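Heads up: the structure comes next, in structure tokens.
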Amino acid sequence: MSRMLISVLAMALAACAVQDGPVDASGLPGAASSEAGYNPLPAGLRLPPDYHLREDRFHVTKRKGHLRRRVALEVLDREQGQAIEDIERLMHVGGYRVSGDPEASRKGTKLKFRRKGHPTITVEFRSDVGKKPANPRARHLVVMEWKVSDALDEWLARDPGNP
């Protein structure tokens, strides 16, 4: 029961977060019209139309117990290099800057993006979409992850009813 309450509360807080307004993705290929509706990305970043939302979930880290959000996007009909350029441009327009050099991971390449007053977003570019992609046109996978809120972490730590 308390885990479900935490998930619902986290989604409500994420939806109520103060945002600077949506970032215009019209400079990205295939972005003739902006998609209205659900947007899982932080700080007003908008998904380009060449990407398909595969996963949007909240989880608590094992080591420190921080609440994090993970969004996986399938890249449709684009090469991985183009996808990296798209995401870098989108993050740059949204006020984020690359922090450090790209890191090799088990599944691909990771980049960290920082913006003052916002959580650091780790973006992993994967060339493998797995055995069962949600969209048959998927060619690559982009996984974005960030800490949801320090305030929520403090509240969860104070509440003795939480696991």
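The values are calculated or read from the model by the stated rules, or taken from the named source; none is laboratory data. All values reported here derive from a predicted model rather than from experimental measurement. In this analysis, Cβ positions are derived from the backbone assuming ideal geometry, glycine residues included, and neighbour counts consider all displayed protein chains.
Under the condition of being touching a residue at least 24 places away in the same chain (Cβ under 8 Å) and either in contact with a strand residue (DSSP E or B) (Cβ under 9 Å, 6 or more places away or on another chain) or not in a loop (DSSP other than H, G, I, E, B) (or both), the residues counted in the range 66-107 number 26.
Residues of the range 134-161 that are surrounded by 13 or more Cβ atoms within 10 Å (Cβ to Cβ) and modelled with pLDDT under 90: Val148, Ser149, Leu152, Asp153, Trp155, Leu156. Taken across the range 120-133, residues that are more than 19 Å from Arg46 (Cα to Cα) and either under 17 Å from the mean Cα position of the chain (by Cα) or in a strand (DSSP E or B) (or both) do occur, with at least one present.
Scanning the range 72-120 for residues that are under 22 Å from Ser149 (Cα atoms) and of a type in the set (Ser, Thr, Tyr), we see that the one that is surrounded by the most Cβ atoms within 10 Å (Cβ to Cβ) is Tyr96.
Within the range 108-132, residues that are among the small types (Gly, Ala, Ser) reach partners that are surrounded by 13 or more Cβ atoms within 10 Å (Cβ to Cβ) and not in a loop (DSSP other than H, G, I, E, B) with beta carbons closer than 6 Å, at six or more positions or on different chains, in the pairs Gly108/Glu124; Gly108/Phe125; Gly108/Arg126; Ser127/Gln80; Ser127/His140.
Would you mind stating whether Arg46 is in a strand (DSSP E or B) and crowded, with 16+ Cβ neighbours inside 10 Å? Answer is no for this residue.
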